[in-house]
1. Inside segment 72-167, counting only strands (runs of 3 or more DSSP E) that do not spill past its ends, which hold 2 or more residues that are touching an Asp or Glu at 6+ places or on another chain (Cβ under 8 Å) and surrounded by fewer than 17 Cβ atoms within 10 Å (Cβ to Cβ)?
2. Please list, ordered by first then second residue, the pairs with beta carbon atoms under 9 Å, 6 or more apart or interchain, first in segment 25-37 and among the β-branched types (Val, Ile, Thr), second loosely packed, with under 15 Cβ neighbours inside 10 Å.
3. Somewhere in segment 20-33, is a residue surrounded by 12 or more Cβ atoms within 10 Å (Cβ to Cβ), at negative phi, of a type in the set (Lys, Arg) and modelled with pLDDT of 95 or more?
4. Of all strands (runs of 3 or more DSSP E) completely enclosed by segment 1-69, which ones contain at least 1 residues that are within 19 Å of residue 81 (Cα to Cα), among the small types (Gly, Ala, Ser) and under 17 Å from the mean Cα position of the chain (by Cα)?
5. List every residue pair whose Cβ atoms lie under 6 Å apart, where the two residues are 6 or more positions apart in sequence or sit on different chains, the first residue falls within segment 59-82 and is closer than 15 Å to residue 2 by Cβ, and the second residue, located anywhere, is loosely packed, with under 15 Cβ neighbours inside 10 Å and of a type in the set (S, T, N, Q).
6. Can you tell me which residue among 84, 90, 14 is over 24 Å from residue 133 (Cα atoms) and of a type in the set (D, E, K, R)?
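The values are calculated or read from the model by the stated rules, or taken from the named source; none is laboratory data. As the structure is a prediction and not an experimental result, all values here were calculated from the model. Note that each Cβ is placed from the backbone with ideal geometry, even for glycine, and that neighbours are counted across all protein chains shown.
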Amino acid sequence: MRFIYQDEKIIIREFKSEEGILFTGLFKDPEVTRYLPYRSPEQYEELFQIVLDTNHHNIFNRWGVWDVVTNDFIGCCLARPFVEVPGQVEIGYTLAQAFWGKGIGTIISKALVDYCFRHHGAQEIAALTDLDNIGSQKVLEKTGFVRQANLVREDRELAYFVMERPA
């Protein structure tokens with residue numbers, strides 16, 4: 001099992017096969033999925049299988065986030081090629097409600113930026129949020145992302161943020 005990041009608060013690591021219930025359970029909360037495109041429970045189960053199938057195969061994937069002290073499941077995050085702008089890498093995260101507003105999104109975003117710049121040659125990292133998801137937009141700005149013109153994905157207009165590789 002590959003660890004992506006660890007500090008005194010969180011661990012970001014590959015999922016284990018027995019953690020599918022945690023992954024799919026995260027997306028059963030309508031508040032958690034409020035800003036995400038709709039997926040059925042079956043689609044989340046299929047997505048988890050894809051996550052497991054791609055563990056160890058490349059630098060991109062979705063990973064789980066856990067509390068270091070309690071080992072509670074916090075949520076998941078991802079890094080992947082950004083389809084809309086070739087050459088950019090996209091990051092994102094989804095957290096259980098119990099962990100909102102605790103600075104964890106900022107820690108994850110910074111960890112993913114560092115991971116992507118260390119393991120990929122991309123000069124820019126991108127992130128998208130729903131236009132109404134002000135909390136995530138503030139996290140991205142705090143992390144150092146700069147807001148760009150809105151972008152459309154799957155017929156949804158989204159806030160588009162970019163961070164350039166440090167010189």
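1. Filter on segment 72-167 gives 73-81, 151-153, 156-164.
2. Hits for this filter: 32/97; 33/39.
3. no
4. Filter on segment 1-69 gives 61-67.
5. Going by the 6 Å Cβ cut-off, the qualifying pairs are 61/54.
6. 14
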